[in-house]
Amino acid sequence: VNESEIELDVELTIKGKSEIVPLLIKVKRLAEELVQIQSELSFSRTAFEIGIGKWKNTSILKDEVKLSTNLFLFRD
């Protein structure tokens, strides 16, 4: 299917804890032999108990974690 944007619900597991989070994937065909794939995933760091001691406070370090990727695939 020639989709350029896909949103999936994926299971993220960190430190033995699992949660379903949305994953947004964008696929762009830049040239005949070049494809760009961008993705973005957001989750709550407190839900996975990331950050201890003074880092646990969300006023110092925000709760939302955003992971972004930018991949380029070349045909070999």
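What do you reckon, how do 63, 9, 76 stack up by accessible area (1.4 Å probe), largest on top?
Sorted descending by solvent-accessible area, the residues read 76, 9, 63.
At a 1.4 Å probe, what is the % contribution of carbon and sulfur to the accessible area of the chain?
53 percent
Report the local net charge at residue 17: Lys and Arg +1, Asp and Glu -1, summed over other residues whose C-beta lies under 14 Å from its C-beta.
Spelling it out: positives minus negatives among the neighbours equals -1.
In the stretch 26-76, which GluC sites (Glu not before Pro) fall in coil by DSSP and have 13 or fewer other Cβ atoms within 10 Å?
Counting only loop positions with at most 13 other Cβ atoms within 10 Å, the GluC sites (Glu not before Pro) in the stretch 26-76 are 32, 33, 49.
For the chain, what is the relative contact order in percent, using Cα pairs closer than 8 Å and at least 6 residues apart in sequence?
It comes to 27 percent, rounded to a whole number.
Taking 0.36 nm per residue of separation and subtracting the Cα-Cα distance, what length does fully extending residue 27 through residue 55 add?
6.5 nm
What residue among 54, 17, 66 shows peak mean-square fluctuation when the chain is described by a Gaussian network model with Cα springs under 10 Å?
54
Could you quote the convex hull projected area for the chain, Cα atoms only and averaged over all directions, in nm²?
Result: a mean projected hull area of 6.9 nm².
Using a 7 Å offset from the Cα along the Cα-to-Cβ direction at both residue 8 and residue 67, what is the distance between the two label points in nm, to one decimal?
Output for this residue pair reads 1.3 nm.
Take the chain, connect every pair of alpha-carbon atoms lying under 10 Å apart with a spring to form a Gaussian network, then pick out the residue of 42, 59, 18 with the largest mean-square fluctuation.
In the Gaussian network model the winner is 59.
The values are calculated or read from the model by the stated rules, or taken from the named source; none is laboratory data. Here the structure is a predicted model, which means the values were calculated and not measured. All Cβ positions, glycine included, derive from the backbone under ideal geometry; neighbour counts span all protein chains shown. Only protein heavy atoms, including side chains, enter the accessible area calculation; ligands, DNA and RNA are left aside. Shrake-Rupley method; radii C 1.70, N 1.55, O 1.52, S 1.80 Å.
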